[in-house]
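Enquirer: Dropping a structure here in structure tokens format, bear with me for questions.
The values are calculated or read from the model by the stated rules, or taken from the named source; none is laboratory data. If you're wondering where the values come from, they're calculated on a predicted model, not measured in any experiment. Ideal geometry is used to build each Cβ from the backbone, glycine not excepted, and the neighbour counts take in all protein chains shown. Protein only, heavy atoms only, side chains kept; ligands, DNA and RNA dropped before computing areas. Shrake-Rupley method; radii C 1.70, N 1.55, O 1.52, S 1.80 Å.
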Amino acid sequence: MMEEYLVKDGKRLRLGYTTGSCAAAAAKAAAWMLLTGRRKEAIRLQTPKGIELNLKVLDIQMLADEARCAIQKDSGDDPDVTRDALIFARVQKTDAPGVTIDGGAGVGRVTKRGLDQPVGNAAINSVPRQMIRENVEEVMALTDFSGGLDVVISAPEGETLAKKTFNPRLGIVGGISILGTTGIVEPMSEAALVETIRVELRQRRAMGKEYALLTPGNYGGQFISGHFHLNGAPVVFISNFVGDAIDCCVREGFTNVLLVGHIGKLVKVAGGIMDTHSRTADCRAEILAAHAAMAGAGAKTVREIMSSVTTTAALEVIEAAGVGDAARASLAAAIEDRLRRRAAGACDIAAVVFDAERRELFRTSGADAVIGKLGATYE
């Protein structure tokens, strides 16, 4: 078990190591056993992050022309679906010089453009491929072996585990991806979540799509399916990362972007808050009170809004004060302004906002045009 830690939000969290590190370590150990004829019960691996791992080698099989072994994934304190999975490497000699790398059972295969690997390749990303190659070549150099080695990475549980990941939506079929840019898993990594959003958007763009449909989560997905006829437009779930998702859309060159979300999330955008997690900022009552006041609400109403414990309760106060229409129009204008500022004119961007009962509250002025283009695009 890995014994490296970080402190996040006041909590001491244990680091883990990626499926890429597992694959590289298994390949290194299998290559050593094949070329030396000696068992290897533990293997050292230097990760791109600079942390050295000393990993136990499992399920060793040594034959005359190949060696096979596994490394068990350790996710640390990160809730990773591949936790404890065995990642295998089989290494055998080939006539052609150099190192070839492919995926076996339980490792997905890429079927759509826009991912790290081209269509047809095993879903072993670039950094893990480099780690595998460099570690196998290190063993070859140490043993003075100048021939060729074929490395096949597999994950017996991979096909089942992949159903709990984004892989089916991304067009990776048959198993998990072998991932990792640092070799180390940092618990609850926001960077990893943002990277998932970026990959999904990049894939949409690589497929020729010019319009992106974003929502923070399942509530937004349910609202979209129940209210719009977008001819199967795929939805990209962005969690709290509104600003990062817009940045990704701009970088990938989308021409139109529609953001659909619950008022409890998107009211923060009206205040310029682009990471809507409560630990970042929670000014929902203040923002609602300000827009109600601009719509004509009196001090008593403002105080009631500020004392409301939920957005739903605050909205009821606003409606009871008779300023609901004006407040919603003010919020829509503010959200539109913030979204357009973030996109900096690189795309047309609009929003649709709904309440706890999945009823539409308002949409920004450009929403109808963007919805029309989404419907025309995804046919």
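Enquirer: Can you tell me how many residues within the range 175-213 are at negative phi and either open to solvent by 50 Å² or more (accessible area, probe 1.4 Å) or not aliphatic (A, V, I, L, M) (or both)?
Expert: Residues that pass the stated criteria total 23.
Enquirer: Of the conditions (1) modelled with pLDDT of 95 or more; (2) touching a strand residue (DSSP E or B) at 6+ places or on another chain (Cβ under 7 Å); (3) surrounded by 23 or more Cβ atoms within 10 Å (Cβ to Cβ); (4) not hydroxyl-bearing (Ser, Thr, Tyr), residue 131 fails just one. Which one is it?
Expert: (2)
Enquirer: Would it be correct to say that residue 284 is out of contact with any helix residue (DSSP H, G or I) (no Cβ under 8 Å at 6 or more places or on another chain) and at negative phi?
Expert: no
Enquirer: Regarding residue 28, is this residue surrounded by 15 or more Cβ atoms within 10 Å (Cβ to Cβ), touching a strand residue (DSSP E or B) at 6+ places or on another chain (Cβ under 6 Å) and in a helix (DSSP H, G or I)?
Expert: yes
Enquirer: Considering every residue within the range 107-126, establish whether at least one is touching a residue at least 12 places away in the same chain (Cβ under 8 Å) and more than 20 Å from the chain's Cα centre (by Cα).
Expert: yes
Enquirer: Within the range 245-296, can you find the residues that are more than 21 Å from residue 220 (Cα to Cα), outside any loop (DSSP other than H, G, I, E, B) and open to solvent by 10 Å² or more (accessible area, probe 1.4 Å)?
Expert: Correct list: 250, 251, 252, 285, 286, 287, 290, 291, 293, 294.
Enquirer: Right, next: Suppose we filter the range 51-102 for residues that are open to solvent by less than 50 Å² (accessible area, probe 1.4 Å), without any contact (Cβ under 8 Å) to a residue 40 or more places away in the chain and either more than 30 Å from residue 196 (Cβ to Cβ) or of a type outside the set (A, V, I, L, M, F, W, C) (or both); how many remain?
Expert: Looking only at that region, the number is 4.
Enquirer: I would also like to ask the following. Yes or no: residue 162 open to solvent by less than 20 Å² (accessible area, probe 1.4 Å), among the hydrophobic types (A, V, I, L, M, F, W, C) and modelled with pLDDT of 90 or more?
Expert: Judged against the criteria, residue 162 is a match.
Enquirer: Considering only the range 353-365, I want to know if a residue exists there that is among the β-branched types (Val, Ile, Thr), more than 19 Å from residue 214 (Cα to Cα), at pLDDT 95 or above and within 31 Å of the chain's Cα centre (by Cα).
Expert: no
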